[in-house]
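Data first, discussion second: the structure below is written as structure tokens.
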Amino acid sequence: MALIGYARVSSVGQSLDVQLDKLKHCKKTYQEKQSGTNQKRPELKACLDYIREGDTLVITRLDRLARSTLHLCQIAETLREEKVDLQVLDQNINTSDATGRLLFNMLGAIAQFETEIRAERQMDGINKAKERGVAFGRKRKMTTQQIEELR
């Protein structure tokens with residue numbers, strides 16, 4: 001019965017240090033710099049392949065494990081089938097009891113809601129910027145005249 005840690009940040013420029021410090025009590029810790037929306041996270045796969053019955057997967061926050069409620073539920077089902085508990089340090093969740101499982105499911109749904117609201121706000125901001133004439137994307141390297149000359 002081992003504690004197995006998993007730490008993830010979304011981009012290369014971010015640091016794993018805070019998460020790794022919180023997971024230092026784990027026997028083994030998997031870490032990666034990948035977007036949570038990327039379903040092909042090699043270290044998460046390796047972690048899920050490594051854990052055994054009686055182990056506990058330890059993460060700092062739910063959003064470090066999955067970005068959607070569906071993906072979170074899929075991982076939770078995998079852990080349940082393997083008889084592995086999940087401990088979420090910052091949210092004080094431990095799925096080894098009924099209360100922990102309830103809290104896990106409720107917070108997973110809230111995390112999904114927050115992600116969707118954030119995406120809606122981002123799209124609102126982008127649309128408003130476009131209405132004001134803000135150009136997105138990189139600047140053209142050729143003028144319209146140069147493009148016409150090439151045609």
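No value in this document is a laboratory result; all are computed from the given coordinates. Not measured: the values here are computed from a predicted model. Positions of Cβ are generated from backbone atoms using ideal geometry, with glycine treated the same way; all protein chains shown enter the neighbour counts.
Rounded, prolate or oblate, given the Cα gyration tensor of segment 4-47, with a/c below 1.5 counting as rounded?
In terms of gyration-tensor shape, oblate.
Around V58, which amide H atoms from residues at least 5 apart in sequence, or from another chain, sit under 5 Å from its own amide H, with H modelled in the peptide plane?
Counting only residues 5 or more places away or on other chains, the set is I4, G5, Y6, Q87.
Label point 7 Å out from S96 along Cα-to-Cβ: which residues of segment 18-61 have amide N under 13 Å?
Answer for segment 18-61: 54-58.
Which shape class applies to segment 1-105: rounded if a/c is under 1.5, otherwise prolate when a/b exceeds b/c and oblate if not, where a ≥ b ≥ c are the square roots of the Cα gyration tensor eigenvalues?
Because its axes are fairly even, with a/c under 1.5, segment 1-105 counts as rounded.
With each label point set 7 Å from Cα along the Cα-Cβ vector, what nm distance links S10 and R61?
1.0 nm
Dipole magnitude of the chain about its Cα centre, charges +1 at Lys/Arg Cβ and -1 at Asp/Glu Cβ only, in debye to the nearest 20?
740 debye
When the label point is put 7 Å from the Cα of L3 along its Cα-to-beta-carbon vector, which residues of segment 65-95 have a backbone N closer than 12 Å?
The answer is 87-90.
For the chain, with the dipole built from +1 on Lys and Arg beta-carbon atoms and -1 on Asp and Glu ones, taken about the Cα centre, which of A46, V18, G5 lies farthest toward the positive end?
The listed residue farthest towards the positive side: V18.
So for segment 23-151, taking the charge dipole from beta-carbon charges (+1 Lys/Arg, -1 Asp/Glu), which of A76, Q146, T60 sits furthest toward the positive end?
Result: Q146.
Expressed in nm to one decimal, what extension gain is obtained for the pair R140 and Q74 from 0.36 nm per residue of sequence separation less their Cα-Cα distance?
19.4 nm
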